[in-house]
Amino acid sequence: WIMIASVVSLFSGSQFKNDEAFFSPEVKNDPNFAEGYYFLGNYYLKDGQYEKAAQNFEAAIRDQSGFLVHKDKESININLAASYLELNKLDEAQSLYEKIYPSVSENLKQYILFNRALIAQRRGDYDLVIKILEGRDWNIPEAYLLLAQAYNQQKNTKKEIETLKKALHLLPPN
C-alpha cells in the first residue's frame, strides 16, 4: 500500500501545486462549493490578486446549499474586507468590519481596528486614526507607526516621538 501511495503521490502531486490548481476545477464542477471559493479567495489574497480574491469570497458567502464543511463566515468576511481594502473600496471594507466586529475574538478585534484605522488614514481622517488606535497596547509596530503618522499630521511632535518609541520596542533586533 505504501509503495502504491508513494507512486501515486509522485506522479499526481505535481498536478496540485497550489490551491488555485486544486480548487478551480472543483468550483467549476460544483458552483455551490463554498469552501472551494474560500480557499481560492485565500490563495488570490496572498498572491495579491485582490479582485479575484474578492470575487471568490463573495461567492463563498452567498447562500449556498453546498456550504456544509466550512461555516466560518467571519473569516470569509474578514478576508473579503481585506480584499476590498486593497482594492480601495473603503466603504465596502468599513461596512464589513463594522458588521463583524462585535462577534469576533479579541485577537481579531485588534486586526479589525487596525484596518479601520488604515481606512481612516486613507481618507485623511487623522482624528479618527488617533481615536481608534490611541490608548491601546498593540503587538504590531505598524499600529504605532500609523498612530505616529497621525500625530505628525496634527503637528503633535511629543506624542509622535512617544509613539515611535513604542514601535521600536516591537521591531526585531538587527
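Restricted to region 104-140, and to residues that are farther than 24 Å from Leu87 by Cβ and either of a type in the set (S, T, N, Q) or surrounded by 17 or more Cβ atoms within 10 Å (Cβ to Cβ) (or both), which residue is modelled with the highest pLDDT? Looking at the filtered set, the residue picked out is Ile130. For the residues Gln121, Gln153, Gln110, the requirement of being among the polar types (S, T, N, Q) and touching a Leu at 6+ places or on another chain (Cβ under 9 Å) singles out Gln121.
Out of Lys165, Lys159, Lys89, Lys155, one residue alone is basic (Lys, Arg), out of contact with any strand residue (DSSP E or B) (no Cβ under 6 Å at 6 or more places or on another chain) and within 25 Å of Leu40 (Cα to Cα). It is Lys89. Applying the set (1) loosely packed, with under 13 Cβ neighbours inside 10 Å; (2) at pLDDT 95 or above; (3) touching a helix residue (DSSP H, G or I) at 6+ places or on another chain (Cβ under 9 Å) to Leu171 leaves exactly one unmet item: (2).
The values are calculated or read from the model by the stated rules, or taken from the named source; none is laboratory data. All of these numbers come straight from a predicted model, not from anything done at the bench. When we count neighbours, we look across all protein chains shown, and the Cβ atoms used for this are built from the backbone with ideal geometry, even at glycine.
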